[in-house]
Amino acid sequence: MWLLDLGARETRQLLADVPLDEGASNAADYRIYQPERFVLDDAGQPAALIVDAGVWEWNTVGVYDLASGALQELGGQLHTSLLPLSDGRVLLYGNSGLAGEFALHVAESLDDINDFSEVLSFGALTGATLFAEQAVEISPGIVRVFGSALSERPEEALAFSFDFDVTAGTATEVQFVTLSEGDESSNTVTGRLSPDGRLIPVYLNALWTDAGSLYGNFALLDLDTGARVTAEFPETVGVFRWQP
């Protein structure tokens, strides 16, 4: 992973992947890094970089300090993602069928993401199995959590969302929505939540090009109503981005 300074036209390497050696004897050290987002300081300058760290049979999240070059990783197979909040705290979330807590945790700051406490157990909200995949702060201290849920019907792609008040420690009722209908469910992939947490792009009967790019039939789902947005989209969509 490299950083390009546009002003100086200079590059520097931040992190280097650690591939598996023959026989996977270094599995504990295996790392594949992907940049997620910059975090700005009070002056509006990039101070840190949120990093996805692929580890052996799992992935975790880290914070790379751009000034010191230090990387801290979230340990213990706790979560896969984090969200810096407007008050300086950090929401830790993300779980899958392999590992991860069915819960939300909060760290007091990005300076030590491994100093955290549990703030919500999914079991307190519903008996359904929830896999948290995305979170956005829709207003100060209020986070919308989105992800997939296990369905009793294997052919159905089911998603969930709820809003969590980080300060009060309370959550709204879990809302479930069906992403696909009928013959659309051969492979359903969601895109990135809108900044207000209301809309989710959905790729139906999704496929990948030889270069690894996603494409498919497209729908835009309103999580507040569960209905699809009425708009004319191309039959096949490969890239959908929210305007900053």
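The values are calculated or read from the model by the stated rules, or taken from the named source; none is laboratory data. Computed from a predicted structure; not experimentally measured. Please note: Cβ atoms are built from the backbone with ideal geometry, for glycine as well, and neighbour counts cover all protein chains shown. For accessibility, only protein heavy atoms count, side chains too; no ligands or nucleic acids. Shrake-Rupley method; radii C 1.70, N 1.55, O 1.52, S 1.80 Å.
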Quiz item: Using the per-residue mean of other Cβ atoms lying within 10 Å as a proxy for protection, in what order, highest first, do the peptides 58-65, 99-106, 204-211, 221-228 fall?
Solution: 58-65, 99-106, 221-228, 204-211
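Specify whether the C-alpha gyration tensor of region 1-129 places it in the rounded, prolate or oblate class, a ≥ b ≥ c being the square roots of the eigenvalues: rounded for a/c under 1.5, otherwise prolate if a/b is larger than b/c and oblate if not.
Since a/c reaches 1.5 but b/c is at least a/b, the shape of region 1-129 is classed as oblate.
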Exercise. Read phi for every residue in region 199-213 and hand back ³J(HN,Hα) as whole Hz from Karplus 6.51 cos²θ - 1.76 cosθ + 1.60, θ = phi - 60°, with x for Gly and Pro.
Key: 10, 10, x, 10, 9, 9, 6, 6, 9, 10, 6, 4, 8, x, 7
Quiz item: So, with a 1.4 angstrom probe, what is the percent of accessible area on region 28-106 that is carbon and sulfur?
Solution: 49
Exercise. Provide the per residue accessible area, probe 1.4 Å, for the chain, rounded to a whole number of square angstrom.
Key: 55
Practice problem: Name the residue farthest towards the positive end of the dipole of region 1-132 from the options Ser109, Leu91, Ala24, assuming +1 on Cβ of Lys and Arg, -1 on Cβ of Asp and Glu, about the Cα centre. | Solution: Leu91
Quiz item: With labels modelled as points extended 7 Å from the Cα through the Cβ direction, what inter-label distance (nm, one decimal) is found for Asp5 paired with Val229?
Solution: 4.0
Quiz prompt | Computed magnitude of the charge dipole of region 45-158 (debye, nearest 20; Cβ of K, R +1, Cβ of D, E -1) | solution = 200
Quiz prompt | Residue-by-residue Karplus 3J(HN,Hα) for region 114-124, coefficients 6.51, -1.76, 1.60, Hz, glycine and proline x | solution = 8, 9, 9, 9, 6, 10, 7, 9, 4, x, 6
Quiz item: Quick one, which of (1) 18.9; (2) 18.1; (3) 19.6 is the actual Kirkwood radius over Cα pairs in Å calculated for this model?
Solution: (3)
Quiz item: What length, rounded to one decimal in nm, is gained on full extension from Leu40 through to Arg192, with 0.36 nm per residue of separation minus their alpha-carbon distance?
Solution: 52.6 nm
Practice problem: State to the nearest 20 debye the size of the charge dipole of region 108-224 about its Cα centre, where the only charges are +1 on K and R beta carbons and -1 on D and E beta carbons. | Solution: 240
Quiz prompt | Pairwise FRET efficiency - Ala47 versus Val174, Cβ, R0 = 35 Å, nearest 0.05 | solution = 0.50
Practice problem: Of the options Gly182, Asn205, Pro195, report the single residue whose Cα projects farthest towards the positive end of the charge dipole of region 165-224 (beta-carbon charges: Lys, Arg +1; Asp, Glu -1). | Solution: Pro195
Quiz item: Of Thr126, Leu15, Gln34, which is farthest on the positive side of the dipole of region 1-144, counting Cα position, with +1 on Lys and Arg Cβ, -1 on Asp and Glu Cβ, and the Cα centre as origin?
Solution: Thr126
Self-check item: Gain in span if fully extended, Ala70 to Glu156, counting 0.36 nm per residue against the direct Cα distance
Solution: 26.6 nm
Quiz item: Applying the Karplus parametrisation 6.51 cos²θ - 1.76 cosθ + 1.60 with θ = phi - 60° to the phi angles of region 33-39, what ³J(HN,Hα) value in whole Hz is obtained for each residue in order, glycine and proline being reported as x?
Solution: 9, 9, x, 10, 6, 7, 10
